[in-house]
Amino acid sequence: MSIPPPLPAFPPGFLWGASASAFQTEGAADTDGKGPSGWDAFAAQGRIKDGADASRGTGFHARYREDVALLAGLGADAFRFSVSWPRVVPGGSGRVSAAGLDFYDRLVDELCAHGITPAPTLYHWDTPLPLDEAGGWLNRDTAARFAEYASVVAERLADRVPMWITINEPAEVTLLGYALGEHAPGKQLLFDALPAAHHQLLAHGLAVQALRAAGVANIGIAVSHSPVWTAGTSEEDRFGAELYDTITNWMFADPILTGRYPDENFAALMPGPVAEDLAVISAPLDWYGVNYYHPMLVGAPSNNALGDFAGVGMPAELPFGLRDIASDERTDFGWPVVPDGLRELLVQLKDRFGDGLPPLYITENGCSYDGLDDPRRIAFLDAHLRSLHEAIGAGVDVRGYFTWSLTDNIEWVEGASQRFGLVHVDYETLERTPKASYAWYRDAVAAQKSQH
């Protein structure tokens with residue numbers, strides 16, 4: 001496979017970055033008094049399919065300086081990492097761990113020393129275990145505890161961190177963690193999982209308030225989005241696709257950006273003083289983060305339906321079914337490679353929200369491929385960046401791109417079997433080795449900067 005030609009020029013000041021998350025990389029599960037998370041408990045139940053040691057991660061906690069040097073070598077403008085809530089507040093509320101905060105203090109200093117913008121995500125799925133055991137996101141109190149934690153982190157880091165993300169992918173937490181039971185905390189509540197969606201949205205709004213009170217001026221959220229395509233022409237197919245689109249895309253974006261739920265029936269199922277909560281949830285943002293991997297093909301319920309993640313099926317009780325998308329190229333995860341879906345999605349967001357859409361960042365986009373020589377990842381990144389450039393040309397205000405991910409990591413229930421990184425990690429030695437895609441991304445970023 002040949003190296004693609006140079007990318008078209010992106011706007012001046014476009015931010016180039018890479019992403020990671022605490023649970024997937026940090027390890028050091030018992031270091032400096034870190035408390036257990038719901039994901040630690042879930043992994044201890046043997047739910048990691050390949051038996052990978054999630055408590056070890058990629059050793060980022062001990063090797064962060066090495067990874068920051070890799071970022072610097074990449075020419076990255078920014079690094080999106082996540083702060084581990086139970087590392088900072090081990091019990092989820094109450095006592096704050098000075099040692100936990102000190103780690104993120106050192107990480108931020110190291111990034112700043114290399115001229116790399118720290119972009120922390122406050123919640124990337126690792127709920128402190130005591131809160132999980134008290135109901136997790138089904139419990140309204142978790143949102144209040146999250147706001148307290150946001151204040152603690154901001155008080156320590158706001159003087160050096162110019163870009164903040166509240167929550168990562170509330171839809172996946174709701175659907176996979178509370179509706180289907182495939183992720184922590186492993187609940188299978190189907191539509192009774194809706195309170196988990198509302199309470200995450202409320203936590204986001206309360207965290208925005210807490211960050212603003214701490215003087216933070218550049219706040220966003222990272223929300224997963226996929227174009228939803230209708231499989232078939234029947235009324236059941238159309239209903240299933242529209243319902244899935246509402247649940248996975250607009251049930252989260254609409255409250256944040258418009259202060260309303262997209263469907264009155266869903267709004268009626270949400271707990272608490274919903275109208276008052278929506279006023280908090282829709283606090284103005286400085287930008288909105290989009291995580292994109294592939295479109296979804298959805299129709300009527302089907303025994304042959306496929307899941308959003310490999311191996312996740314849709315229960316028959318749900319009024320929709322996910323179908324396979326025909327694609328000549330698939331990642332090692334089995335996901336179809338559809339670069340134009342990114343352009344389609346971004347234009348759809350612009351059309352839906354108009355002037356109410358803040359500037360966008362692509363906060364995640366990447367692919368799982370094995371091997372140090374990874375031309376298929378290069379082709380994936382190149383094609384998606386060209387699609388992104390087309391969306392910008394169509395008038396969508398996109399300010400930056402974070403590829404997922406800097407290094408290989410523990411891919412949740414898939415363990416070490418799926419390799420998303422620009423940098424290979426040997427899970428025996430934790431040695432890092434840049435892949436061919438690392439060099440390609442480095443050269444692509446350098447070429448963009450040389451044009452301005």
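The values are calculated or read from the model by the stated rules, or taken from the named source; none is laboratory data. Source: prediction; values computed, not measured. Positions of Cβ are backbone-derived with ideal geometry, glycine not excepted, and every protein chain shown enters the neighbour counts. With ligands, DNA and RNA removed, areas are computed over all heavy atoms of the protein, side chains included. Shrake-Rupley method; radii C 1.70, N 1.55, O 1.52, S 1.80 Å.
Figures for the structure shown
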{"item": "Near pairs, Cβ below 7 angstrom, 6+ apart or cross-chain, from the stretch 325-336 (at negative phi and modelled with pLDDT of 95 or more) to any residue that is aromatic (Phe, Trp, Tyr) and assigned to a loop (DSSP other than H, G, I, E, B)", "result": "331/369; 332/369; 335/293"}
{"item": "Qualifying positions in the stretch 84-109 - of a type in the set (A, V, I, L, M) and either modelled with pLDDT under 95 or closer than 30 Å to residue 446 by Cβ (or both)", "result": "107, 108"}
{"item": "Pair list, Cβ under 7 Å, 6 or more apart: the stretch 255-276 residue free of Cβ contacts under 8 Å to residues at least 40 places away in the same chain, other residue among the polar types (S, T, N, Q) and crowded, with 16+ Cβ neighbours inside 10 Å", "result": "259/282; 262/246; 263/246"}
{"item": "Some residue of the stretch 128-139 being out of contact with any His (no Cβ under 8 Å at 6 or more places or on another chain), within 26 Å of residue 78 (Cβ to Cβ), among the small types (Gly, Ala, Ser) and open to solvent by less than 40 Å² (accessible area, probe 1.4 Å)", "result": "no"}
{"item": "Boolean, residue 159 is modelled with pLDDT of 95 or more, open to solvent by 10 Å² or more (accessible area, probe 1.4 Å), out of contact with any Pro (no Cβ under 8 Å at 6 or more places or on another chain) and not in a helix (DSSP H, G or I)", "result": "yes"}
{"item": "Wholly enclosed strands (runs of 3 or more DSSP E) of the stretch 201-291 bearing at least 3 residues over 26 Å from residue 141 (Cβ atoms)", "result": "228-230, 288-291"}
{"item": "Meets criteria (modelled with pLDDT of 95 or more, polar (S, T, N, Q) and surrounded by fewer than 24 Cβ atoms within 10 Å (Cβ to Cβ)) for residue 209", "result": "yes"}
{"item": "Residues of the stretch 212-226 that turn out to be among the hydrophobic types (A, V, I, L, M, F, W, C) and either free of Cβ contacts under 8 Å to residues at least 60 places away in the same chain or open to solvent by 10 Å² or more (accessible area, probe 1.4 Å) (or both), as a count", "result": "4"}
{"item": "Residues satisfying the stated conditions in the stretch 409-440, i.e. in contact with a Ser or Thr (Cβ under 7 Å, 6 or more places away or on another chain) and open to solvent by less than 10 Å² (accessible area, probe 1.4 Å)", "result": "409, 420, 421, 422, 423, 425"}
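Here is a yes/no grid of residues against (1) of a type in the set (Phe, Trp, Tyr); (2) outside any helix (DSSP H, G or I); (3) under 20 Å from residue 26 (Cβ atoms):
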site: 107; (1), (2), (3): no, no, yes
site: 147; (1), (2), (3): no, no, no
site: 155; (1), (2), (3): no, no, no
site: 178; (1), (2), (3): yes, no, no
site: 186; (1), (2), (3): no, yes, no
